[in-house]
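The values are calculated or read from the model by the stated rules, or taken from the named source; none is laboratory data. Since the model is a prediction, treat every value here as computed from it, not as a measurement. Because the Cβ atoms are built from the backbone with ideal geometry, glycine has one as well, and the counts that use them run over all protein chains shown. Protein only, heavy atoms only, side chains kept; ligands, DNA and RNA dropped before computing areas. Shrake-Rupley method; radii C 1.70, N 1.55, O 1.52, S 1.80 Å.
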Amino acid sequence: MAHLCSQVLSTSFFTPKPQIPVLLSPGVACIKSFHQYRFLHIKAMQEDKFSTPTSCDESKVRVPHVLTVAGSDSAGGAGIQADIKACAARGVYCSTVITAVTAQNTVGVQGVNIVPEDFVAEQLRSVLSDMPPNVVKTGMLPSTGIVKTLCQSLKEFPVQALVVDPVMVSTSGHTLAGPSILDSFREELLPMADIVTPNLKEASALLGGVPLETIADMRSAAKAIHDIGPRNVLVKGGDLPASLDAVDVFYDGNDFYEFRSSRIMTPNTHGTGCTLASTVAAELAKGSQMLSAVKVAKRYVEAVLSYSKNIAIGGGCQGPMDHLLKLKSNVQRRPFDPCDLFLYAVTDSRMNKKWGRSIIGAVKAAIEGGASIIQLREKEVETGDFLEAAKACLKICRVHGVPLLINDRIDVALASDADGIHIGQSDMPAHVARALLGPDKIIGVSCKTPEHAQQAWIDGADYIGSGGVYPTNTKENNKAIGLDGLKTVCLSSKLPVVAIGGIGMSNAQAVMRLGVPNLKGVAVVSALFDRECVMTETRKLLEVLKESTKIAN
């Protein structure tokens with residue numbers, strides 16, 4: 001139920017000098033042992049050591065599941081209600097444990113009724129013992145007893161991740177959690193958390209009332225809160241008075257990331273904090289890594305804020321958002337996986353014509369050969385024909401679980417509902433593409449320099465294609481950067497990288513042996529599509545890449 005005036009999209013990297021003193025908790029000493037125990041417990045559950053499945057279990061589809069432990073909002077904009085809506089919008093099942101029932105509307109909070117601790121414990125045991133969630137997300141925890149009850153339950157029934165939204169004050173300023181629970185947060189809950197998402201007021205309270213007035217303060221606060229125990233910290237700066245933009249700071253214990261965007265001027269911000277944390281939890285439940293989950297959550301909340309900025313519900317000054325109307329989709333996409341870049345097949349209209357192939361035939365053959373992602377780069381095809389081919393290729397890709405991207409043509413990407421787009425430096429900026437495509441689609445950007453890579457990260461891209469590594473005939477005036485140039489870009493990039501340009505059987509191993517962790521694969525054109533049998537050449541190249549990976553490891 002915490003307030004977040006506006007959300008952020010773009011990001012940049014900082015190395016601050018922490019100024020805020022650390023408030024260490026007694027629970028820090030137990031962090032490693034708890035997380036190790038949780039890992040072993042979950043691993044055992046996954047190996048079916050703790051349960052004996054019935055015969056019907058094998059035919060059932062496991063769905064991502066988030067349990068939210070929070071208060072109920074009678075206005076429906078925040079708390080449990082926001083959590084359920086956000087998870088539903090992200091395609092994740094959401095169960096609930098209610099810690100308090102509030103009487104509130106768009107004017108403010110008129111009353112809070114705390115649920116007895118023993119009944120909170122009963123709710124927790126009911127859900128955790130029968131339908132274990134992937135992720136637990138917390139919101140309003142109004143008493144120290146409830147905090148202790150939750151922590152004990154999570155020790156008894158460990159989950160894959162714990163997302164803590166330290167709700168203390170409502171959007172209207174009503175206190176929802178007294179100072180007595182701060183010690184419980186610091187000593188017990190935060191050391192168990194995989195991420196904590198305080199706003200400025202909450203971060204200040206967790207650090208003993210230290211004022212937070214600048215971005216430098218936020219970075220120092222993120223570091224200080226991390227030292228208390230959580231694995232990751234996101235300090236939300238929607239209320240930062242000195243910033244023209246909305247700025248949030250993420251810290252993972254090693255690096256700082258700054259998420260920044262223009263403010264969305266709207267009174268309909270009730271429930272943004274709950275929605276953000278729930279979306280992070282939902283993305284984690286679907287299998288995303290933490291930083292990716294946060295980025296998707298920021299995009300989603302920004303999209304909801306923008307869509308809801310003019311809706312009118314209630315007569316107060318803090319209205320709710322609409323989580324679902326514009327964001328409904330019949331297609332449930334899995335989150336982008338950098339491993340999809342391993343063998344990246346890029347079609348070419350001239351080669352298809354030369355060998356008498358259709359776009360559809362070329363794509364089908366590449367997928368059957370083992371291509372892990374497809375990009376349609378068709379410069380000599382009429383728009384109508386391109387669109388129909390893209391729709392047909394998308395059906396094939398969906399059957400095989402292979403993402404389909406469109407080169408440059410955002411109109412075709414939108415009309416075909418492709419999984420994303422790849423753009424060059426002279427094309428539409430990635431942040432514009434993101435605004436048009438929405439939070440879920442994949443965006444790749446061609447980059448030759450560290451500066452290009454940094455801008456792609458700032459603009460919200462999901463990966464970069466770096467090259468041409470070697471000279472190539474598929475793109476005119478494309479100066480090769482060589483292996484040294486590729487390595488320089490990889491080392492400066494905060495995004496996964498696929499190497500592009502002139503790569504084939506003879507040099508793919510040299511590329512993959514560069515020894516940089518974020519180089520995830522190679523993108524090829526001629527090596528696959530300027531050959532008689534696309535499927536055979538794809539299989540051969542796949543084996544070369546697999547062998548190079550074995551050697552590198």
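Among the charged types (D, E, K, R), surrounded by 24 or more Cβ atoms within 10 Å (Cβ to Cβ) and either modelled with pLDDT of 90 or more or assigned by TED's automatic domain parsing to the domain that holds residue 293 (or both): which single residue out of 187, 202 fits that description?
Details: 187 fails: surrounded by 24 or more Cβ atoms within 10 Å (Cβ to Cβ).
Exactly one of 187, 202 is among the charged types (D, E, K, R), surrounded by 24 or more Cβ atoms within 10 Å (Cβ to Cβ) and either modelled with pLDDT of 90 or more or assigned by TED's automatic domain parsing to the domain that holds residue 293 (or both), namely 202.
Scan 444, 420 and give me the residue that is within 27 Å of residue 546 (Cα to Cα), among the small types (Gly, Ala, Ser) and touching a Lys or Arg at 6+ places or on another chain (Cβ under 8 Å).
After applying the criteria, what remains is 420.
Mind counting the residues in region 278-294 that are surrounded by 24 or more Cβ atoms within 10 Å (Cβ to Cβ) and touching a residue at least 60 places away in the same chain (Cβ under 8 Å)?
So the count comes out to 9.
When residue 126 is evaluated against the numbered criteria (1) out of contact with any strand residue (DSSP E or B) (no Cβ under 7 Å at 6 or more places or on another chain); (2) touching a residue at least 24 places away in the same chain (Cβ under 8 Å); (3) of a type in the set (Gly, Ala, Ser), which criterion, by number, is the only one it fails?
Going through the list (1) out of contact with any strand residue (DSSP E or B) (no Cβ under 7 Å at 6 or more places or on another chain); (2) touching a residue at least 24 places away in the same chain (Cβ under 8 Å); (3) of a type in the set (Gly, Ala, Ser), residue 126 breaks only (2).
Let's see how each residue does on (1) at pLDDT below 95; (2) within 29 Å of the chain's Cα centre (by Cα); (3) in a helix (DSSP H, G or I):
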site	(1), (2), (3)
75	yes, yes, no
88	yes, yes, yes
96	no, yes, no
120	no, no, yes
124	no, yes, yes
128	no, yes, yes
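Among the residues of region 541-553, write down those that are in contact with a helix residue (DSSP H, G or I) (Cβ under 8 Å, 6 or more places away or on another chain), more than 16 Å from residue 373 (Cβ to Cβ) and open to solvent by 10 Å² or more (accessible area, probe 1.4 Å).
544, 547, 549, 551, 552
Among what's in region 329-348 and is out of contact with any strand residue (DSSP E or B) (no Cβ under 8 Å at 6 or more places or on another chain), at pLDDT below 90 and surrounded by 15 or more Cβ atoms within 10 Å (Cβ to Cβ), pick the residue that is farthest from residue 404 (Cα to Cα).
Taking the candidates together, the pick is 335.
Restricting attention to region 236-255, does a residue exist that is hydroxyl-bearing (Ser, Thr, Tyr), open to solvent by 10 Å² or more (accessible area, probe 1.4 Å) and under 27 Å from residue 154 (Cα atoms)?
In the first step, residues of region 236-255 are kept if they are hydroxyl-bearing (Ser, Thr, Tyr); the result is 243, 251.
Checking which are open to solvent by 10 Å² or more (accessible area, probe 1.4 Å) leaves us with 243, 251.
Narrowing the set further to residues that are under 27 Å from residue 154 (Cα atoms) leaves 251.
Checked region 236-255: at least one residue is hydroxyl-bearing (Ser, Thr, Tyr), open to solvent by 10 Å² or more (accessible area, probe 1.4 Å) and under 27 Å from residue 154 (Cα atoms).
Taking region 340-357 only, how many residues are within 21 Å of residue 501 (Cβ to Cβ) and outside any loop (DSSP other than H, G, I, E, B)?
Of the residues in that region, 11 qualify.
Mind checking which residues of region 98-107 are hydroxyl-bearing (Ser, Thr, Tyr) and either under 29 Å from the mean Cα position of the chain (by Cα) or assigned to a strand (DSSP E or B) (or both)?
Passing the criteria: 99, 102.
Among the residues of region 165-179, are any open to solvent by less than 10 Å² (accessible area, probe 1.4 Å), among the β-branched types (Val, Ile, Thr), under 17 Å from residue 277 (Cα atoms) and at pLDDT 90 or above?
For region 165-179, residues open to solvent by less than 10 Å² (accessible area, probe 1.4 Å), among the β-branched types (Val, Ile, Thr), under 17 Å from residue 277 (Cα atoms) and at pLDDT 90 or above: absent.
Can you tell me which condition residue 216 does not meet? The list is (1) among the aliphatic types (A, V, I, L, M); (2) in contact (Cβ under 8 Å) with a residue 60 or more places away in the chain; (3) touching a helix residue (DSSP H, G or I) at 6+ places or on another chain (Cβ under 6 Å), and all the others hold.
(3)
Among the residues of region 527-540, is there at least one that is open to solvent by 10 Å² or more (accessible area, probe 1.4 Å), within 31 Å of the chain's Cα centre (by Cα) and modelled with pLDDT of 95 or more?
No, the conditions are met nowhere in region 527-540.
Farther than 30 Å from residue 266 by Cα, open to solvent by 40 Å² or more (accessible area, probe 1.4 Å) and either in contact (Cβ under 8 Å) with a residue 12 or more places away in the chain or touching a Phe, Trp or Tyr at 6+ places or on another chain (Cβ under 9 Å) (or both): which single residue out of 132, 116, 158 fits that description?
From the options 132, 116, 158, the qualifying one is 132.
So that you can scan it fast, the table gives a plain yes or no per residue for (1) open to solvent by 40 Å² or more (accessible area, probe 1.4 Å); (2) assigned by TED's automatic domain parsing to the domain that holds residue 500; (3) farther than 30 Å from residue 261 by Cβ:
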{"residue": "371", "(1), (2), (3)": "no, yes, yes"}
{"residue": "382", "(1), (2), (3)": "yes, yes, yes"}
{"residue": "385", "(1), (2), (3)": "yes, yes, yes"}
{"residue": "399", "(1), (2), (3)": "yes, yes, yes"}
{"residue": "407", "(1), (2), (3)": "no, yes, no"}
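Please work out if residue 491 is closer than 28 Å to residue 288 by Cβ, surrounded by fewer than 17 Cβ atoms within 10 Å (Cβ to Cβ) and among the hydrophobic types (A, V, I, L, M, F, W, C).
Judged against the criteria, residue 491 is a match.
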